[in-house]
Every structure is written in structure tokens, then in C-alpha cells.
Amino acid sequence: MKFSINKHIFNYITSSPNYIKTKTITLIYRSYNNDCLGFIVPKQLGPANKRNCFKRQCRNEFHKIYSDNNIKSIGVVVKPKSININYHEISNIFKRLSSRLLKN
């Protein structure tokens, strides 16, 4: 399943006031007519293989909440402060996103 987004959709989502923030990662989200996932992961955070691993883990969790729950279409942008985040933390923030979306 492809979740990538273009520049216009990215700007639409990042201008949203809806976000979930922890010490290490921020999720900016907004309802959108398709499910999409974007990233703000600059090169300064680490080598490409670690950045790609982080993105892959986020895509996996996004796919889980999308398929496990009956959530309306949403766009999410992930902005980490570090890429040395364990999978458990990534899972927790996406679960928080899922519970917040199910409330609405």
C-alpha cells in the first residue's frame, strides 16, 4: 500500500493544529480524503540506513492502525527529534493517534 504524498498535500497536513508530541517524536495529522504518510527526517539525524529503518517502522505502525481500526481517512506527517527511537516508542505514539482518532 502506497502512502506517499506530494508537496501540496504535505503543506496541507503540516498547517494543521492537530498534533501529538512526545520528547522524541511529533505526529501532525489532519483528515484527508486518502490515507497518507509523510516524514520530516533531515540528513543531520543520521545515516540513510537508520533514517530508512525509522521510516519503515513508522509505515508499519501506520499500516497497523489503518487496517486494525475503522479509522476515517487521514494524513500524518512524522517529525522525529532523533532517529534513535525504539520500536516500542513508535508503536505507542501511533496507538495514541489511533485512540484520539477513534474518539472523534
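Residue count for the range 62-103 under the criterion of being in contact (Cβ under 8 Å) with a residue 60 or more places away in the chain and outside any helix (DSSP H, G or I): the result is 4. Quick check: anything in the range 41-58 touching a Phe, Trp or Tyr at 6+ places or on another chain (Cβ under 6 Å) and under 20 Å from Ile83 (Cβ atoms)? Within the range 41-58, one or more residues are touching a Phe, Trp or Tyr at 6+ places or on another chain (Cβ under 6 Å) and under 20 Å from Ile83 (Cβ atoms).
This table checks each residue for (1) farther than 20 Å from Asn6 by Cα; (2) aliphatic (A, V, I, L, M); (3) under 10 Å from the mean Cα position of the chain (by Cα).
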residue	(1), (2), (3)
Tyr29	no, no, yes
Leu45	yes, yes, no
Ala48	yes, yes, no
Asp68	yes, no, no
Gly75	no, no, yes
Arg96	yes, no, no
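Go through the range 76-104 residue by residue and tally those that are closer than 17 Å to Val41 by Cβ and surrounded by 11 or more Cβ atoms within 10 Å (Cβ to Cβ). If you could, list the steps in order and put the result at the bottom.
Taking the range 76-104 first, the residues closer than 17 Å to Val41 by Cβ are 76-87, 89-90, 93-94.
Narrowing further to those that are surrounded by 11 or more Cβ atoms within 10 Å (Cβ to Cβ): 76-85, 87, 89-90, 93-94.
Count: 15.
Scanning the range 60-75 for residues that are open to solvent by 60 Å² or more (accessible area, probe 1.4 Å) and modelled with pLDDT under 90 yields His63, Lys64, Tyr66, Ser67, Asp68, Asn70, Lys72.
The values are calculated or read from the model by the stated rules, or taken from the named source; none is laboratory data. In this text the structure is predicted, and so the values were computed from the model without any measurement. Cβ atoms come from the backbone with ideal geometry, glycine included; neighbour counts cover every protein chain shown. For accessibility, only protein heavy atoms count, side chains too; no ligands or nucleic acids. Shrake-Rupley method; radii C 1.70, N 1.55, O 1.52, S 1.80 Å.
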